[in-house]
There are 2 protein chains.
Amino acid sequence: MPLKNTNIVSAAQTKFGKLEGVTLREMFAEAVDKATTQAGVPKEDIQAAFIGTFIPEMLVHQGHTAPLLLDYAGMRGLPATRHEAACASGATALRAAIMAIESGLYDTVLVAGAEKMTSVSTNRATEALAAAADDEFESGIGLTFPGVFAIAAVAHMQEYGTTEEDMALVAVKAHKNASTNPLAQFQKEITLEKALTPRYIAWPLKLFDCSPISDGAAALVLTSNEKAKQYTDTPVRIIGTGQASASMNLCDRTVLTSFEASVKASRIAYDMAGLGPKDMDFAVVHDCFTIAEIIATEDLGLFEPGEGARAVREGVTALDGDMPVNPMGGLKAVGHPVGATGVKQAVVVYRELIGEAGPNQVPRHDTAIMHNFGGTGATCVVNIMRRADA
Amino acid sequence: MPLKNTNIVSAAQTKFGKLEGVTLREMFAEAVDKATTQAGVPKEDIQAAFIGTFIPEMLVHQGHTAPLLLDYAGMRGLPATRHEAACASGATALRAAIMAIESGLYDTVLVAGAEKMTSVSTNRATEALAAAADDEFESGIGLTFPGVFAIAAVAHMQEYGTTEEDMALVAVKAHKNASTNPLAQFQKEITLEKALTPRYIAWPLKLFDCSPISDGAAALVLTSNEKAKQYTDTPVRIIGTGQASASMNLCDRTVLTSFEASVKASRIAYDMAGLGPKDMDFAVVHDCFTIAEIIATEDLGLFEPGEGARAVREGVTALDGDMPVNPMGGLKAVGHPVGATGVKQAVVVYRELIGEAGPNQVPRHDTAIMHNFGGTGATCVVNIMRRADA
């Protein structure tokens with residue numbers, strides 16, 4: 001049965017990028033202020049907070065981030081918990097908030113995510129990110145994330161004939177969409193030739209196949225049906241939610257061209273919503289690397305296995321295509337401040353669904369799917385959202 | 001209104017202590033196995049997992065612990081999220097599980113917590129623990145937790161005349177209770193004279209005022225009323241739950257002799273349960289330092305402000321007193337593997353309520369309160385539990 005009582009009534013993000021001189025708590029407070037006070041939702045109405053941060057312990061020597069960040073955002077005292085599932089931290093916070101509202105314990109809650117990543121060296125950030133992989137089998141012996149996704153890319157190339165150019169086309173699309181997104185880290189289009197520049201990070205992945213290291217924060221307000229009308233005429237319902245996990249390390253997987261947790265989580269979410277891939281108007285997926293977007297669109301059933309690359313080549317996933325994917329520019333070009341990402345994806349879905357995505361507006365916008373995953377897909381969260389009046 | 005549908009049907013912990021050669025994942029798997037297979041709850045019945053770990057990033061270079069630990073415990077694939085709120089991590093995981101069941105999304109879920117702390121030096125562990133305090137105002141300038149609680153102790157001494165001997169008596173009681181708890185880190189009674197040995201950690205706190213650095217794990221199975229009877233004749237209902245936060249740093253507090261988040265969280269939990277302090281048969285509170293136990297018993301309303309020390313002196317909080325506190329030995333003597341602690345507290349409440357606490361059984365055991373807090377009380381979770389047949 002579809003979820004019955006969970007609505008997004010406001011959503012905001014900070015600019016993503018290298019935000020010099022802006023601390024984790026400051027970014028967080030900015031995103032929350034935009035999603036509450038500036039959106040007409042008084043902070044006093046918020047009853048609890050669900051917060052995603054991935055690894056502030058290693059990036060800014062700060063644990064216990066939930067009460068600290070909430071205090072900085074002017075809401076000291078509320079119940080506040082930090083949720084962590086690597087790059088899916090934001091969406092696990094969102095899911096906890098969904099259950100909080102569906103349980104009846106709270107009517108109106110805050111979901112927020114943030115990460116400050118550029119305060120340390122790129123090497124240190126890479127080491128911190130590697131904590132999302134299995135320390136005994138992968139990260140501890142030097143396998144960091146570009147390497148892990150390079151393995152998936154090679155498997156996909158071998159199995160389905162996907163090419164480096166196909167992956168580069170994902171980057172070109174991401175940069176094109178982000179070029180009209182003032183909150184994106186990269187607001188410049190790139191040519192296919194540039195995307196193919198052979199600056200290999202981990203063959204076959206090149207510089208433009210990788211999402212950047214970013215700072216940023218995002219926030220949402222969720223509320224019950226009864227309260228939603230106080231805040232907006234266009235609430236967005238979360239009608240299906242699914243989460244699944246898989247082995248942390250790739251060596252325990254039987255298939256490398258698909259992430260089983262994405263498949264499982266999406267089937268749970270579709271079943272709950274009573275909808276299928278053909279009912280989706282657009283998709284926001286976890287494109288930490290270009291190959292991850294191609295695989296995600298297949299795992300969500302939007303395209304058949306092995307057909308994801310063709311969809312990119314034929315423009316199906318472009319902003320004006322039949323199934324726009326990452327219409328604001330994705331992790332790849334908007335940036336990937338890890339704890340913020342899953343929340344920011346919901347911000348994008350919300351803005352597109354209510355028709356306020358400006359030059360990045362997709363043509364059909366009743367129903368959409370969002371897909372956030374952590375590590376090499378050891379955690380995956382999928383939500384299906386629909387405009388309440390659709 | 002009391003929570004209506006959440007039951008604990010099994011509960012277990014590993015031995016706490018310096019568990020040499022046992023890794024985080026191994027401890028976790030042991031606790032989960034004891035709370036599932038060995039307790040007659042098939043792992044196949046579990047639908048989701050809510051996991052508390054505080055700072056494995058700094059202790060064992062491992063983030064994204066939820067799917068990893070769950071996989072090791074033989075439950076790969078399920079939705080699994082890590083919840084972190086410093087020393088209250090375990091209880092925030094428990095609360096997320098409560099909301100998951102009350103929402104109707106799941107019937108039967110696992111709650112587990114674990115921490116491996118002795119694999120690093122004591123200095124490194126102290127640095128990691130300090131991430132629970134505000135890096136800009138406290139930990140970053142050298143104020144670690146013994147210092148923070150020493151400040152609270154001094155305030156309590158000054159305001160209420162509490163003495164070093166009163167605090168030492170808390171330690172004596174903890175060690176006495178733990179002496180018959182085979183899973184405790186310290187299973188030896190200590191004399192008052194020994195507890196008063198002037199090995200100061202941060203005046204007025206001495207060695208025996210401080211909980212130890214520990215390894216350990218704990219696990220619970222929660223289920224709905226309908227399913228509970230499949231597993232046990234004596235389910236324990238969670239009838240009230242409250243969580244609150246406060247400023248991270250002490251300099252923003254107006255009172256140092258009480259932790260406002262404990263007061264708030266307990267009032268919410270009492271209101272939800274429709275009960276008050278006088279209805280509690282015993283209490284399990286967060287005694288990371290002896291002064292913390294004294295303050296907690298006052299904050300929960302079990303004793304008037306300033307009367308907590310007298311209750312200890314007069315034996316009211318002893319195992320055979322009128323209000324037994326930490327009947328199995330508390331964090332102080334059983335150990336404090338941070339992420340496990342809040343879950344272990346619920347394990348203790350469960351065992352006492354169902355009358356299976358052996359030599360540590362409290363006389364009256366219908367209803368109890370548990371109190372888990374993080375940092376210097378920036379997060380507090382309080383749950384009220386009752387035997388279903390009480």
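The values are calculated or read from the model by the stated rules, or taken from the named source; none is laboratory data. Keep in mind it's a predicted model, so treat the numbers as computed, not measured. Cβ sites come from the backbone with ideal geometry, for glycine too, and all protein chains shown count toward neighbours.
For this structure, a couple of remarks:
- Of A:V263, A:V221, A:V255, all but one fail to be of a type outside the set (K, R), at pLDDT 95 or above and more than 30 Å from A:T6 (Cβ to Cβ); the exception is A:V255.
- Residue in the stretch A:38-49 that is facing chain B (nearest Cβ under 9 Å), at pLDDT 95 or above and touching a Ser or Thr at 6+ places or on another chain (Cβ under 8 Å) present: yes
- Yes/no for A:R310 being assigned to a helix (DSSP H, G or I), surrounded by fewer than 24 Cβ atoms within 10 Å (Cβ to Cβ) and within 19 Å of the chain's Cα centre (by Cα): no
- Given (1) of a type outside the set (F, W, Y); (2) assigned by TED's automatic domain parsing to the domain that holds A:Q230; (3) at pLDDT below 95, number of the condition A:P2 does not satisfy: (2)
- Answer residue from the stretch A:113-158, given it is at the interface with chain B (Cβ under 9 Å from one of its Cβ atoms) and assigned to a loop (DSSP other than H, G, I, E, B) and is surrounded by the fewest Cβ atoms within 10 Å (Cβ to Cβ) among those: A:E136
This table checks each residue for (1) outside the structural domain of A:G90 (by TED's automatic domain parsing); (2) in contact (Cβ under 8 Å) with a residue 24 or more places away in the chain; (3) within 27 Å of B:A100 (Cβ to Cβ); (4) surrounded by fewer than 24 Cβ atoms within 10 Å (Cβ to Cβ).
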{"position": "A:M248", "(1), (2), (3), (4)": "yes, yes, yes, no"}
{"position": "A:C251", "(1), (2), (3), (4)": "yes, yes, no, yes"}
{"position": "A:R267", "(1), (2), (3), (4)": "yes, yes, yes, yes"}
{"position": "A:D271", "(1), (2), (3), (4)": "yes, yes, yes, yes"}
{"position": "A:M280", "(1), (2), (3), (4)": "yes, yes, yes, yes"}
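- Restricting the first member to the stretch B:18-29 and to residues that are farther than 16 Å from B:G113 by Cβ, and the second to residues that are among the β-branched types (V, I, T) and in a loop (DSSP other than H, G, I, E, B), the beta-carbon pairs closer than 6 Å and six or more apart or on different chains are B:K18/B:T118.
- Between A:E102, A:E84, A:E165, the distinction of being acidic (D, E), over 19 Å from A:F54 (Cα atoms) and within 9 Å of chain B (Cβ to nearest Cβ) belongs to A:E102 only.
- The criterion of being within 14 Å of another protein chain (Cβ to nearest Cβ), buried (at least 23 other Cβ atoms within 10 Å of the Cβ) and not in a loop (DSSP other than H, G, I, E, B) holds for B:V109.
- Of the strands (runs of 3 or more DSSP E) lying entirely inside the stretch B:167-279, the ones with 3 or more residues being more than 30 Å from B:K43 (Cα to Cα) are found at B:200-202.
- Residue in the stretch B:114-135 that is among the hydrophobic types (A, V, I, L, M, F, W, C), touching a strand residue (DSSP E or B) at 6+ places or on another chain (Cβ under 8 Å), in contact (Cβ under 8 Å) with a residue 60 or more places away in the chain and under 24 Å from B:M328 (Cα atoms) present: yes
- Boolean, B:E304 is assigned by TED's automatic domain parsing to the domain that holds B:V348, of a type outside the set (A, V, I, L, M), surrounded by fewer than 20 Cβ atoms within 10 Å (Cβ to Cβ) and not in a strand (DSSP E or B): yes
- Residue that is surrounded by the most Cβ atoms within 10 Å (Cβ to Cβ), among those in the stretch B:33-69 that are out of contact with any helix residue (DSSP H, G or I) (no Cβ under 8 Å at 6 or more places or on another chain) and of a type in the set (A, V, I, L, M): B:A66
- Selection status of A:T53, at the interface with chain B (Cβ under 7 Å from one of its Cβ atoms), under 19 Å from A:A12 (Cα atoms), under 22 Å from the mean Cα position of the chain (by Cα) and modelled with pLDDT of 95 or more: no
- Filter pass, A:A178 being assigned by TED's automatic domain parsing to the domain that holds A:V109, within 28 Å of A:M27 (Cα to Cα) and surrounded by 17 or more Cβ atoms within 10 Å (Cβ to Cβ): no
- Looking across the stretch A:189-229, the residues that are of a type in the set (S, T, N, Q) and either touching a residue at least 24 places away in the same chain (Cβ under 8 Å) or under 19 Å from A:P146 (Cβ atoms) (or both) come down to A:T197, A:S211, A:S214, A:T223, A:S224, A:N225.
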